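Colleague: Here it is, the structure, as structure tokens.
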Amino acid sequence: MVARSCASVPSTRMTMNTQWQQSTFVPAHLDATKFDGIEPLLVDLMNRPVPSARELEQWLIDRSELTAACSEARANLYITTTCNTEDKEAAQAYSAFVEHVEPRLKPLNFELDKRFVQLVLQHPLPAERYMVLERATHAEVELYRDENVPIETQLALLTQKFEQVAGSLSVFFDGQERTLPQMARYQELPDRAVRESAWRAVADRRLKEASAFNDIYDQMTSLRQQVARNAGFTDYVGYTFKAKHRFDYTPRHCFEFHAGVEHEVVPLVRSLDRRRAAQLGLGGDMKSGMQALRPWDLSVDPKGRGPLHPFSNGAELMRKSVATMRSLDQRLAEMLASMGDGSEARGAMQGACLDLDSRKGKAPGGYQYMRDRSRQPFIFMNAAGLHKDVETMVHEAGHAFHSMLSRQEPLVEYRHSPIEFAEVASMSMELLSMKHWAASGAFYQPGSEDFQRACREQIKRSVMLLPWIATIDAFQHWVYSNPGHTRQEREAMWVVLDQRFGNAISWEGLEDVRANLWQRQLHLFSVPFYYIEYGIAQLGALQLWLISLEQGEKTAIDYYMKALSLGGGKPLPELFSAAGLRFDFGPETIARLCERVQQELEKLPE
Ligand SMILES: [Zn+2]
């Protein structure tokens, strides 16, 4: 995952600051966590005379510096709370910013957007440089409606309600009360009966909430419909494409992605399911007399092996990750090593850029957060010595490379790229670094069973997520194109989509669980239509991996660095093409990638 957005910089890295141009508009010691300090600068931007195109460009840079200062204030508050969730003061400071500062910034920023649109009419700017910024600002201004502000607040409250209920679910299992995330590890146990009862415990608990979640979703979809109508759209699909700045693709392209996944990826995934069934001693065919593969058979290692343990702590993870990068490309190794040694364990204090080890009181998950003013990335994760932590590390390192390679760009808007490309930077680093996990000083012995198993899992995962992405995306297109549908129709549509894209498993006797599976995807509730981005990016990452296999690693890394250094200043097709990739997610591209994935998988023993 990528998070937007720092802290003071340690003296050893101060020299890097001189690489980029800094505006003097925002005082160096501005406390951007307080509205009072920000307000006079916003007022200046609102009222300052801007008599020429040159001064408009300076206005944009000054505005960008202020945006970066506010964004970094938020980043530091967020990082601090996630590194120590028990720090009440930090939690309060973060909520105070989100509840009291951001809502006051929003309308003022909208006024500045409107002013920019007017100013650029008076003083046209070179399209080559400003087209991306202009079209995004135009979209914001055109979509804004006063009457949608209270609806957005209602939607935010519904999201909070959903997250509270979903986050509070627990079951009594194996002698004690456990949260649903804690139940996931039972799915990896070799004892099938334990897996089944754990799976059923979670499914039953969720089913008890199905009706409450349906209520929330019904309210959300109808409010979203209202937002779209207020903004002059017939449905929420058109509105959301514009609101998400999807200028370079349309719903038709998404439908082509669905078709490509259905015809190329689903057969591959189902053949892997059948192989898994055979390895587990089950019949993959649901109609045969043999026991079929069931939903609780998908996470266990089919050979009954325990998890891989390629490192012991954050410092070792960092050392081995740098060794991996050194073997891949010296420039990447230097960038990663400049972030620290991995032993940091105090959040972003004193300019630290890493907090890797899992410890009590840390929030779950992992992220990379660019601190926009000091232009230093931060990597947060919960490393526990497992292979999945290696994947998280190289993924977040990919985001950090992106942040560092584009940090000389003066406009903060262009130092971030759209998610569709930002995730190419991270997902492709998972695949490109793979070969080097067995480099000298890195994670595995060359040619070892562990190394082959890790690579095989990585390649499999890079395609296995695609059918789920297609399911979620197709479901949302249906939901928002068919306002007024009933719950029964919605469930029926979900089952149709699961039949189209789902695993080769038997749902016999679990029909009600299956019909409500969509409720597990929190994006449907809290960030509608946000998901296809990962599919588009994964296809880009696979293409870049193919370039490394076919044209050599150096070519792929040169493309990678060139495209990442563009940040977000170009439209998506240009970012993809700078990376040597086609901005295409239809059946032909998917077929080509899938064929190669299959070939590479065959080379690796299970
Ligand atoms: Zn990511």
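Colleague: Anything in the range 453-494 that is surrounded by fewer than 16 Cβ atoms within 10 Å (Cβ to Cβ), over 22 Å from Phe241 (Cα atoms) and at pLDDT 95 or above? List them, or say none.
Modeller: Scanning the range 453-494 gives Thr486, Arg487, Gln488, Glu489, Ala492.
Colleague: Could you list, in sequence order, the residues of the range 388-444 that are polar (S, T, N, Q) and in contact with a Lys or Arg (Cβ under 6 Å, 6 or more places away or on another chain)?
Modeller: Ser406
Colleague: When residues of the range 71-83 are filtered for being open to solvent by 20 Å² or more (accessible area, probe 1.4 Å) and either small (Gly, Ala, Ser) or touching a His at 6+ places or on another chain (Cβ under 8 Å) (or both), how many remain?
Modeller: 1
Condition check ((1) of a type in the set (Asp, Glu); (2) part of a loop (DSSP other than H, G, I, E, B); (3) buried (at least 19 other Cβ atoms within 10 Å of the Cβ)) across all residues:
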site: His29; (1), (2), (3): no, yes, no
site: Pro40; (1), (2), (3): no, no, no
site: Leu45; (1), (2), (3): no, no, yes
site: Glu65; (1), (2), (3): yes, no, yes
site: Ala69; (1), (2), (3): no, no, yes
site: Thr85; (1), (2), (3): no, yes, no
site: Ala91; (1), (2), (3): no, no, no
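Colleague: Continuing with the same structure: State whether one or more residues within the range 10-29 are within 16 Å of the ligand (Cβ to nearest atom), under 28 Å from His395 (Cβ atoms) and modelled with pLDDT under 70.
Modeller: The answer is no, given that none of the residues of the range 10-29 is within 16 Å of the ligand (Cβ to nearest atom), under 28 Å from His395 (Cβ atoms) and modelled with pLDDT under 70.
Colleague: Scan the range 407-421 residue by residue and report those that are touching a Leu at 6+ places or on another chain (Cβ under 8 Å) and either among the hydrophobic types (A, V, I, L, M, F, W, C) or more than 14 Å from the ligand (Cβ to nearest atom) (or both).
Modeller: Hits for the range 407-421 are Leu411, Glu413, Tyr414, Phe421.
Colleague: So which residues in the range 403-421 are hydrophobic (A, V, I, L, M, F, W, C) and either open to solvent by 20 Å² or more (accessible area, probe 1.4 Å) or at pLDDT below 95 (or both), if there are any at all?
Modeller: Residues satisfying the conditions are Leu405, Ile419.
Colleague: Now, a different point. Would the range 432-449 turn up any residue that is surrounded by 21 or more Cβ atoms within 10 Å (Cβ to Cβ), within 30 Å of Asn313 (Cα to Cα) and either within 14 Å of the ligand (Cβ to nearest atom) or of a type in the set (Val, Ile, Thr) (or both)?
Modeller: Within the range 432-449, not a single residue is surrounded by 21 or more Cβ atoms within 10 Å (Cβ to Cβ), within 30 Å of Asn313 (Cα to Cα) and either within 14 Å of the ligand (Cβ to nearest atom) or of a type in the set (Val, Ile, Thr) (or both).
Colleague: Name the residues in the range 574-590 that are assigned to a helix (DSSP H, G or I), open to solvent by less than 50 Å² (accessible area, probe 1.4 Å) and farther than 18 Å from Lys460 by Cβ, would you?
Modeller: Leu575, Phe576, Ala578, Thr589
Colleague: Would you call Gln160 closer than 30 Å to Lys303 by Cα and exposed (fewer than 13 other Cβ atoms within 10 Å of the Cβ)?
Modeller: So Gln160 fails the test.
Colleague: What tally of residues in the range 137-157 results from selecting those that are open to solvent by 20 Å² or more (accessible area, probe 1.4 Å), farther than 22 Å from Ile216 by Cβ and within 24 Å of the chain's Cα centre (by Cα)?
Modeller: The number of residues fulfilling the criteria is 1.
Colleague: For Val424, state whether it is among the aliphatic types (A, V, I, L, M), in a helix (DSSP H, G or I) and either away from the ligand (no atom under 16 Å from the Cβ) or closer than 15 Å to Leu336 by Cβ (or both).
Modeller: Considered against the rule, which asks whether it is among the aliphatic types (A, V, I, L, M), in a helix (DSSP H, G or I) and either away from the ligand (no atom under 16 Å from the Cβ) or closer than 15 Å to Leu336 by Cβ (or both), Val424 comes out as no.
Colleague: Pick from Asp146, Asp113: which is over 30 Å from Gln521 (Cβ atoms), assigned to a loop (DSSP other than H, G, I, E, B) and not β-branched (Val, Ile, Thr)?
Modeller: Asp146
Colleague: Starting from residues that are of a type in the set (Ser, Thr, Tyr) and assigned to a helix (DSSP H, G or I), keep the ones in the range 227-284 and report whichever is farthest from the chain's Cα centre (by Cα). Explain how you work it out, then say what you get.
Modeller: Of the range 227-284, the ones of a type in the set (Ser, Thr, Tyr) are 234, 236, 239-240, 249-250, 271.
Imposing the further condition that a residue be assigned to a helix (DSSP H, G or I) reduces the set to 236, 239-240, 271.
Numbers: Tyr236: 22, Tyr239: 22, Thr240: 18, Ser271: 28 Å.
It comes out as Ser271.
Colleague: Any idea which residue in the range 202-228 is farthest from Ser168 (Cα to Cα), counting only those that are among the small types (Gly, Ala, Ser) and in contact with a helix residue (DSSP H, G or I) (Cβ under 6 Å, 6 or more places away or on another chain)?
Modeller: Per the stated criteria, the residue is Ala228.
Colleague: Separate question: Identify, from the list Ala363, Ala323, Ala397, Ala345, the residue that is more than 16 Å from the ligand (Cβ to nearest atom), of a type in the set (Gly, Ala, Ser) and not in a loop (DSSP other than H, G, I, E, B).
Modeller: Ala323
The values are calculated or read from the model by the stated rules, or taken from the named source; none is laboratory data. Keep in mind that what you see is a predicted model, and the values were worked out from it rather than measured. Here Cβ is always computed from backbone atoms with ideal geometry, including for glycine, and neighbour counts include all displayed protein chains. All accessible areas refer to the heavy atoms of the entire protein, side chains included, with ligands and DNA or RNA removed. Shrake-Rupley method; radii C 1.70, N 1.55, O 1.52, S 1.80 Å.
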